[in-house]
Every structure is written in C-alpha cells, then in structure tokens.
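The values are calculated or read from the model by the stated rules, or taken from the named source; none is laboratory data. Bear in mind the structure is a predicted one, so any value in this text is a computation, not a measurement. With ideal geometry, Cβ positions are generated from the backbone for all residues, glycine too; neighbour counts draw on all protein chains shown. To get the accessible areas, we keep the full protein, side chains included, count just its heavy atoms, and leave off ligands, DNA and RNA. Shrake-Rupley method; radii C 1.70, N 1.55, O 1.52, S 1.80 Å.
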Amino acid sequence: TIPLAVSWDLGSMGGLRNLRKQAQVGLIQTKVANQAVKSAIINGVANMYYSLTMLDEQLRTTKATIALWKKNVEAMEAMKEAAMVNEVAVAQTKANYYELQASVPALENSIRQLENSLCLLLDEPAHAIARGSFEGNSFPAEFSVGLPIHLLSNRPDVMLAEYNLASMFYEVNIARSKFYPSLNLTGTIGFTNSAGSAVFNPGKFIASAVGSIVQPIFAIGQLRANLKIKKLDYEAAELEFREALLSAGNEVSNALSAYQTAMERQTLREKEVAELTSANEKVQFLFTHTNTTSYLETLTAQQSLLSAQLSLINDKYTKVQSAIQLYQALGGGR
C-alpha cells in the first residue's frame, strides 16, 4: 500500500550481531548432527557387512568339519564291525557329528537375520547381500600411537559441544547488550499532488523518519539475573566441551589398544592353528600306518583344530571391529 511504512532496529552494543552469529552456529550444529547420523550409518553398515563375512567363514569351516566327521562316523562303524572299538565310542562320534550338524541351521538363520537387518538399515526390501570372503587382513598392521589431538575435532559430539559453547558465548553477549539503550527508527514514504492529479503522475515525494531510544531502567534486576544465568550456562557448556574432548581421547586410545591386542592375538592364534594342523596330520598318519595311536586321539586332535580355527575367525573379527570403532572414534564419515 501507499504510503509505505518501514522500521529499523539498530540494536546496541552488538546485540543483533551476536544474534546473527548465534543463528549461524545453530546452522552448523544442524549440519554436525547430520554428520553424526551419517557416521552412525556407515559404522552400522560396516559392522553388519563384516559380521556377515565372519558368519560365512564360520559356516564354511563348520561344513568342512562336518564332512570330515562323517568319514569318522563311517570309519568308527567299520571298526566296530571289526571289533576294534565298542558301541560307546561309536555313539560318542555320532553325537559330535550331530552336534556339528545342528550348528549349521543356527548359523544360516543368523546370516539371514543379519542380511535383513542390513537391508532395513539401507532402506531396501529384504534380499541376499552380495559380499566377498572374510579375510580380516586388509587393515593396517599398526597405527600411529601419537595421533594429533586436532583429529578429535572431526567427531560430531566434540563439534556439537564446541559449537554449543560458542552459542552460550553469544548468549552471554546478548544478555549483556540488553543493559544498553536500543535505538529504533520508524518512517513513511509516499507521494502527494496538491493539484489533485492521479497518483501515477505524482507532484511530490515525501518521506519522514522518527527515532526513539529505549532505555532498560526498570528491568535492571531481571537483566542482571539473566546475565548471571547465561554466564553459568556458559561455564556448564565449557565443562561439557572438556568432558567431550577427554571422552573422545579415551575412546580413540581404547580403540587403538583393542586393535593392537587383536593383532597380537591373531598372530598367536595363527601359530596355534598351524601347530594343530600339523599335529592332526601326524596323528592321522600314525593312526593309519601304525598301532601307536588310538582313534580317540585323532578325534581329540580334530576337535582341537576346529576350536582353534573358529577362535581365529573370532580374533580376526575382533580386529575388524576395533578398526571400525577407531574409524568412528576419529569422526569418520565426513
């Protein structure tokens, strides 16, 4: 409409500037929260993917052992017919064989459920997940122990605490600025024509402006209390930031330690598997070609080897999980 009325709030002592900066900090916090969600999704997908490959390896090892134990059952039955072993030994061998078979459906069910969970996380209908074999050796052999502390600034929780501290800083400035006068300007702009002609051919352009100063005199007690509250909020935000930084450092240190420990355990477990594999081959050879080894010793050697192989798979998976935790602890997913 004509005339046009306008008003300005010029603010005082940086009040409006601090409001603008606080709004900018709020926008950054929203982006950081988005990053936190992305990091969590990446961490979840990686964990589920490697869990699937680990279960695949366990299933493969179990099936290979089942095939071996099937031959053991057949051999034990033949030895029973030859009066070399009794019925108890045959029953024990069959029991172990059936126990291994029973673990296969449980593993397959775990794989199916994990695939469904991964599909849900990816917002896809349930389907089989294409994946490679479980190696667990595609990660670095070691990490630097002296990681620079500035890497922790990539973590969403540390950034949120940092920008919350900045927001509280501007809150204090805003509360302090309210002690000072506020300058307001109002004005009008329009056209007039003393001859009465149409507004499309105006005779004169007119403008007026009025300024006013608002002094917070009667609310000084409330303003002081509000400033004190904002200062306490700032101190609390500073403590939260320090706590977030220390907690982040502890998580990185724990993840590094867990990774190095898993590496050591995997190295020792690989040596154990190698020794048990050699022992199993020797026991099988002695049992086949001599009379110095009983069939019970061959079964014990096979059980020990299977247990060590499954433990090695778990150790590799622990190392993978530690690497994923370190990735997230350092604010991965940017």
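Just need a number here: residues in segment 49-103 that are aliphatic (A, V, I, L, M) and open to solvent by less than 40 Å² (accessible area, probe 1.4 Å). Write out each step before concluding.
Start the filter on segment 49-103 by keeping residues that are aliphatic (A, V, I, L, M), which leaves 52, 54-55, 59, 64, 66-68, 73, 75-76, 78-79, 82-85, 88-91, 95, 100, 102.
Still in the list and also open to solvent by less than 40 Å² (accessible area, probe 1.4 Å): 52, 54-55, 59, 66, 73, 75-76, 79, 85, 89-90, 100.
Counting residues in segment 49-103 that are aliphatic (A, V, I, L, M) and open to solvent by less than 40 Å² (accessible area, probe 1.4 Å) gives 13.
A quick yes/no check of all residues on (1) closer than 29 Å to Ala130 by Cα; (2) at pLDDT 85 or above:
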{"site": "Ala23", "(1), (2)": "no, yes"}
{"site": "Lys31", "(1), (2)": "no, yes"}
{"site": "Asn34", "(1), (2)": "yes, yes"}
{"site": "Gln58", "(1), (2)": "yes, yes"}
{"site": "Ala64", "(1), (2)": "yes, yes"}
{"site": "Lys70", "(1), (2)": "no, yes"}
{"site": "Val88", "(1), (2)": "no, no"}
{"site": "Tyr97", "(1), (2)": "no, yes"}
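What residue, among those in segment 195-237 that are modelled with pLDDT of 70 or more and small (Gly, Ala, Ser), is nearest to Glu162 (Cα to Cα)?
Among them, the one singled out is Ala237.
Restricting the search to segment 113-140, which residues are of a type outside the set (Phe, Trp, Tyr), surrounded by 13 or more Cβ atoms within 10 Å (Cβ to Cβ) and under 29 Å from Met263 (Cα atoms)?
Once the filter is applied, which keeps residues that are of a type outside the set (Phe, Trp, Tyr), surrounded by 13 or more Cβ atoms within 10 Å (Cβ to Cβ) and under 29 Å from Met263 (Cα atoms), segment 113-140 yields Leu114, Glu115, Ser117, Leu118, Ile129, Arg131, Gly136.
Go through segment 41-67 and report how many residues are closer than 22 Å to Phe139 by Cα and in contact (Cβ under 8 Å) with a residue 60 or more places away in the chain. Write out each step before concluding.
Here is the first cut: in segment 41-67, the ones closer than 22 Å to Phe139 by Cα are 41-58.
After this cut, where a residue has to be in contact (Cβ under 8 Å) with a residue 60 or more places away in the chain as well, the list is 41-54, 56-58.
Within segment 41-67, residues that are closer than 22 Å to Phe139 by Cα and in contact (Cβ under 8 Å) with a residue 60 or more places away in the chain number 17.
Answer yes or no: is there a residue in segment 253-263 that is closer than 30 Å to Ala75 by Cα, assigned to a helix (DSSP H, G or I) and not hydrophobic (A, V, I, L, M, F, W, C).
no
Is it the case that segment 138-156 has a residue that's in a helix (DSSP H, G or I) and either small (Gly, Ala, Ser) or modelled with pLDDT of 90 or more (or both)? Reasoning before the result, please.
The first filter runs over segment 138-156 and keeps only residues in a helix (DSSP H, G or I), leaving 149-154, 156.
In the following step, the residues that additionally are either small (Gly, Ala, Ser) or modelled with pLDDT of 90 or more (or both) were identified as 153.
Yes, because at least one residue in segment 138-156 is in a helix (DSSP H, G or I) and either small (Gly, Ala, Ser) or modelled with pLDDT of 90 or more (or both).
Pairs, please: C-beta under 7 Å, at least 6 apart or cross-chain, first residue over 14 Å from Leu296 (Cα atoms) and in segment 92-103, second open to solvent by 30 Å² or more (accessible area, probe 1.4 Å)?
Filtered contacts from segment 92-103: Tyr97/Lys70.
For residues in segment 256-296 being among the acidic types (Asp, Glu) and open to solvent by 90 Å² or more (accessible area, probe 1.4 Å), which is modelled with the lowest pLDDT?
Of all residues in segment 256-296, those among the acidic types (Asp, Glu) come to 264, 270, 272, 275, 281.
Pick out the ones that are also open to solvent by 90 Å² or more (accessible area, probe 1.4 Å) and you get 264, 275, 281.
Details: Glu264: 89, Glu275: 92, Glu281: 86.
Here the residue is Glu281.
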